Structures are given as C-alpha cells and as structure tokens.
Amino acid sequence: VKASLERGKTVPQSTAAPALSIVSAVEVVDPLTVKIVLSRPRPFFEAVLAGNAGALISPKALESGADVGSGSVDAGSGPYRPVSLTPNEGAVYSAVADYFVPERGRVATLEIQGIPDVNTGLNGLQSGQFDLAYGNVMPPERISQLERAGFVVRTGDSLNTHAVLLRISSGELADVRVRQAMMQAIDRKLISDTLYDGKCEPATQMFSPRTGLHVPGYDPYPYDPDAARRLLAEAGHADGIELPVVTVVGNPGSEQNAAVLQEMLGEVGIDVVLTPMTSVDGVAAFNRGDIPARSSVVTFSEDSLATIEYSYMPGGVIELAVPDEAGLVALYDELVSTTDTGRQQELLRDMGREVTDKVFALPICYQTHNWAGAEN
C-alpha cells in the first residue's frame, strides 16, 4: 500500500497524483495496517482510495524497474491479466489460474470490444458473436426484439450525463451570458423524446440525481430561444458566434446530440462547427484547449467531491471552471473544514447549483445503463 500510494503521487504523468496530492505521509504501522496522513481535511477520502488512486501494484515489480504500465508485467492483484489493449477498439484479458479468491475469474478469457453503434453490437449478440452487450441507451424496439428472442435485458440508473463540456477560459465562452444563452436555446425534452424515446431524462443541471451534487427540482434555464437571442445581443453578439465542437467518430449518441444541438443553437445565432475525432484524440484536444467544446457522455464519481476536484477546481485535471471558480473554491474550503455531514451535503448541492448557474457545461439528459445477454 505504501509503495503504491507513493508511486501514484510521484510517477510522471500519474492520473492518481491530483487525488493523492494531499497525502503528506504513508506510514506502515504493522503488516496489515497503514496510516495515511493528509495535509488538510478531505471528507470522503476513503472513496478516493476505492478508485484508481488506491490501486495496488506489486512492490517487487516496482523495485525491478519493469514497465508496469505496459500490461506485460505481472504487477497487479486482480483476477485477470491483460493480454492486449488497442485504444478505441478493445482489450483481451485472461484469467489468473491461481487467483486467491477461487470463485472469481471463472471466465477463462474476457474480450471487450468497443463498438460505437449500439445496433451493430446487438446484432452481434443475436448472431452469437458476443455473449453480453452494453449500451447507454438501447432502442425500445430492439429491447422488445431481444426479449422475444429469449435474451435478458437489464436497465438501471446511471451516474452519467450526456452533455457538451465547455472550455470557458477565453473567447466568447468566457462571458456567462453566452453560456446562458446556449442553455436556453436547447430543447432537452425534444432531444429526449426524439433521440432516446424518453429513456434519457432531460437534464436541467449537470449532475445526475444519483449524485450528491444534484439539486432536486432546480431548473434555472428552461428552453426559451427568444431569451437566448436577447442574452447574445446583450453580450455584444447580435450577429452570432462560431462554436467548434468535438464529436466522437462513429458514436451515434455523440454525433446525434451534436447534430441536433447544431440545429437548435443555429436558430439563435450560434454557428456550431462539428469536428469528428476518435474518443482518445477528442479528449486530448479538448483538455489541451485546442477546441472549446466537446459532445460527450460524462461519467461522474460516486464521490461527488472528487468530481468537483477533477473537473472544476484550480489544479484539477481539466479545470473546466477557470476563470470563474471563486464561488466553488469558497464552498469547497467550507466543506473540507466541517465535520457536520448534513452541512457537507448542503455544500455539495450548493456546488452543483454553482456549476449550473455559471453554465460550466451544457447538460442534455441523464443516462441509463443497459445490459443484454443470454440467460446464462
């Protein structure tokens, strides 16, 4: 534990370093006990350690100098070993024969394929090419077809939100009135009804009802294209603006959302220029600030504070809120200084309201999880 946490803090390009930055010391108390000393209070830190920041790696492998990031070194502790990984396509894993929890890893080989089109994936399931299929939103007619053919379909709530992430540090998006205009130009119910058959609940705020950041019943920017045009004019853009948006190549959700948004925003004077890229390249371009907007499915953490730290706080991984994060910082500082759990929940909802009010992103709808497979 000590070796892994210290590596996570210091290894170059560590994705765990931001979450572990407040760990000032890791002390081994005895063979089964570790003491983690934080430089400041951090509620819910145990949830941080339950994620990738707390992943354990063999200290012998680390000491050997082996490239544990390559996937070719036995340095982990899970029931499967990676055999191959192809970004944007898929991964293959093999079971660890002597895994210390025998009932785990009963599938000898696990192959995950990324297929952007849900219908193609479901066709593969029905033809026997796949054993199990996952889709953010499965068309109702396909669900009925699968069930008639004897397949089992499971649908559940998700932490995910279909949204357009915004880079607001410069240009027209630095003006909150422009962002508010974009919010009021989007008819989320129409998108939900037409693209998702009502299975993706219209989002009035960025954070799913399953997160502590959600404010029940809060809808500050209802659909109102006339109000959107007035806000753009007040911001000095009566003649409109141009907005480049990254979409994910071959991902119907990203492409369909972006195409409909292109039409809706165009009606109020915002010319959306769609830029198709692979998922990996699109994320990198957006995070660098090369493109100011990205049509995406945003996956939030069960630890709501980690979501804020990752996306919106100064020093976070992508810092979406710069330069308008002052209100969030004040709320954050109060939250980490109180031990009153009720007050912590209030402050989390205040953070959710702050992100919504200042339109740090354009939420579209709240996703569901959908799995389909044979009865076995």
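So the values come out like this:
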item: Cα-centred dipole magnitude for region 106-195, charges only on beta-carbon of K, R (+1) and D, E (-1), debye, nearest 20; result: 180
item: Efficiency of FRET between ASP224 and ASP197 - r from beta-carbon atoms, R0 25 angstrom, step 0.05; result: 0.50
item: Chain lengthening between GLN145 and ASP67 when straightened (0.36 nm per residue, less Cα-Cα); result: 23.4 nm
item: Accessible area expressed per residue, region 169-256, with surrounding protein chains retained (probe 1.4 Å, Å²); result: 44
item: Sparse-neighbour loop sites [GluC sites (Glu not before Pro); region 223-310; at most 13 other C-beta within 10 Å; DSSP]; result: GLU267
item: GLU201 long-range amide H proximity, modeled H, under 5 Å; result: TYR366
item: Reachable lysines from LYS358, criterion Cα separation under 30 angstrom, eight or more residues apart if same chain; result: LYS189, LYS199
item: Chain lengthening between SER24 and VAL1 when straightened (0.36 nm per residue, less Cα-Cα); result: 6.8 nm
item: For the chain, built as a Gaussian network whose Cα springs stay under 10 Å, the top-fluctuating residue of ALA284, ALA19, ALA293; result: ALA284
item: Theoretical gain in end-to-end length, GLN13 to GLU267 [0.36 nm per residue, Cα-Cα removed]; result: 87.2 nm
item: Integer Hz, Karplus 6.51/-1.76/1.60 couplings in order for region 3-15, x for Gly and Pro; result: 4, 5, 5, 5, 5, x, 6, 10, 5, x, 6, 5, 7
item: In sequence order, calculated HN-Hα J values of region 92-103 (Karplus, 6.51, -1.76, 1.60; Hz; x Gly/Pro); result: 10, 10, 10, 6, 7, 4, 9, 4, 6, 10, x, 6
item: Peptides 41-47, 364-370 ordered by average Cβ neighbours within 10 Å, highest first; result: 364-370, 41-47
item: Contact order relative to length of region 183-225, as percent, for alpha carbon pairs under 8 angstrom and 6 or more apart; result: 48
item: Rg to Rh, two decimals, where the chain supplies the alpha carbon set and Rh follows Kirkwood; result: 0.98
item: Virtual spin-label span in nm between ALA95 and ALA233, 7 Å along Cα→Cβ; result: 6.8
item: Built amide H within the under 5 Å cut-off of VAL298, gap 5+; result: THR161, HIS162, ALA163
item: Electrostatic dipole magnitude of region 188-291 [Cβ: Lys, Arg +1; Asp, Glu -1; Cα centre; debye, to 20]; result: 380
item: Label-to-label distance, nm, for residues given as ASP117 and GLU334 (7 Å Cα→Cβ offset); result: 5.1
item: For region 145-156, 3J(HN,Hα) per residue [Karplus equation, 6.51 cos²θ - 1.76 cosθ + 1.60, θ = phi - 60°, Hz, x = Gly/Pro]; result: 4, 5, 5, 5, 7, x, 7, 9, 10, 10, 10, x
item: With every protein chain in place, the chain: carbon and sulfur % of accessible area (1.4 Å); result: 51
item: Choice from GLY54, GLY327, GLY156 showing the highest fluctuation, given a GNM over the chain with Cα pairs closer than 10 Å; result: GLY156
item: Under-5 Å amide H pairs with SER158, H placed in peptide plane, nonlocal only; result: HIS369
item: Beta bridges by DSSP in the chain, antiparallel share as percent, to the nearest 5; result: 80
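The values are calculated or read from the model by the stated rules, or taken from the named source; none is laboratory data. What you see is a predicted model, and the numbers here were worked out from it, not measured in a lab. Here the Cβ is made from the backbone with ideal geometry for all residues, glycine too, and neighbour counts use every protein chain on show. The area values use the complete protein model at the heavy-atom level, side chains included, leaving out ligands, DNA and RNA. Shrake-Rupley method; radii C 1.70, N 1.55, O 1.52, S 1.80 Å.
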